[in-house]
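Nothing in this text is a laboratory measurement; each read-out follows from the coordinates by a stated rule. Note that the structure is a prediction, hence the values are computed from the model and not measured. Quick reminder, even Gly has a Cβ in these numbers, built from the backbone with ideal geometry, and neighbours come from all protein chains shown.
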Amino acid sequence: MSLKLIYFKMRALAEAPLMLMHCHNIEHEYLMSWEHFEDVWAKVKPKIAFRQLPMLEVDNSTQICQSIAILQFLESRAGLAIEDPIQAAKSSAILQSAQELFFPLNPAVNFAVGDNFISKRDEMREMLIARFADLSRCLSENDARYFCDDIPRAAEFATFHHLDLSKLLDPTLISEFPRLEMFLADMQAIPQMKDYLLARPELIEVGIAPKLVINGIAHPTGTQQT
Ligand SMILES: N[C@@H](CCC(=O)N[C@@H](CS)C(=O)NCC(=O)O)C(=O)O
């Protein structure tokens, strides 16, 4: 089965699928929208099921959109799906709750600058702290390393991404939650995760002029080829 994940120059909704594929040895290609479609986003957008990316293309034919659907498909592909319906529902609830952190956290870190960045950061603080407290409580409720057991699944990769990204918004937020810090450390200690985090494009100049450093060249974040 061939898998192509299509996205843009952003550190956002492709992170969790990429981490899951790296950590669970799922072969894949990661392509920018303009590489895959050979056209500008404005022309591609109307042809995509929900007019947004990421999208996972399976065997050059089936297109899976919506990041949660992509993650759940990859989870099942990796043989990670939880059989017990109660545990599966719990894991799904955590995945959805983590993904709700996407907005406004991810756009702010990837795109907001100057006073706009500062005001967005301050406005979302209370919401982030409340959701971080929820996630921390879910982790503390069992004796396992992660939310259900000691296996990192979609819920864990999505949570990792948003918590990790929050450090670029305000590194003090996460430091109020030692259980979440421990979770991040456990995830970072997974050998393939370490490799992925070291190799991925660095996101620089957050809040000033955000750029991703791809193959040594700093590119402004966005949906356009540069
Ligand atoms: N609910 C969607 C949200 C996808 C989304 O917001 N994608 C943004 C990039 S992060 C996008 O495609 N932006 C370009 C556009 O809307 O034209 C998901 O989880 O996949």
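Overview of values
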item: Sorted by Cβ neighbour density within 10 Å, fewest at the top, the residues Tyr30, Tyr7; result: Tyr30, Tyr7
item: Interchain or long-range residues, amide H under 5 Å from Met55's placed H; result: Ile6
item: Whole-Hz couplings from phi, Karplus 6.51/-1.76/1.60, listed for the stretch 40-53; x for Gly and Pro; result: 6, 4, 4, 7, 7, 2, x, 8, 8, 2, 10, 6, 9, 10
item: Gyration tensor (alpha-carbon) shape descriptor, the stretch 142-186, a/c threshold 1.5; result: oblate
item: Glu100 paired with Glu123, simple spin-label distance in nm, labels 7 Å along Cα-to-beta-carbon; result: 1.9 nm
item: From phi via Karplus (6.51, -1.76, 1.60), per-residue ³J(HN,Hα) for the stretch 175-180 in Hz, x at Gly/Pro; result: 5, 7, 10, x, 5, 6
item: Full-stretch length increase - Leu197, Asn60 - with 0.36 nm per residue and alpha-carbon distance subtracted; result: 46.6 nm
item: Burial ordering of Lys47, Lys167, Lys9, fewest other beta-carbon atoms within 10 Å first; result: Lys47, Lys167, Lys9
item: Cα gyration tensor shape of the chain, rounded if a/c is under 1.5, else prolate or oblate by comparing a/b with b/c; result: oblate
item: Distance (nanometres) between label positions extended 7 Å along Cα→Cβ at Leu31 and Lys45; result: 2.1 nm
item: Global geometry of the stretch 29-147, whether rounded, prolate or oblate, following the gyration tensor of its Cα atoms and the 1.5 cut on a/c; result: oblate
item: Given charges at Cβ of Lys, Arg, Asp, Glu: the chain dipole, positive-most of Ser91, Leu3, Ile204; result: Ile204
item: Residue among Ile68, Ile82, Ile48 with the largest mean-square fluctuation in a Gaussian network model of the chain, springs linking Cα atoms under 10 Å; result: Ile48
item: Projected area averaged over orientations for the stretch 110-183, convex hull of C-alpha atoms, nm²; result: 5.0 nm²
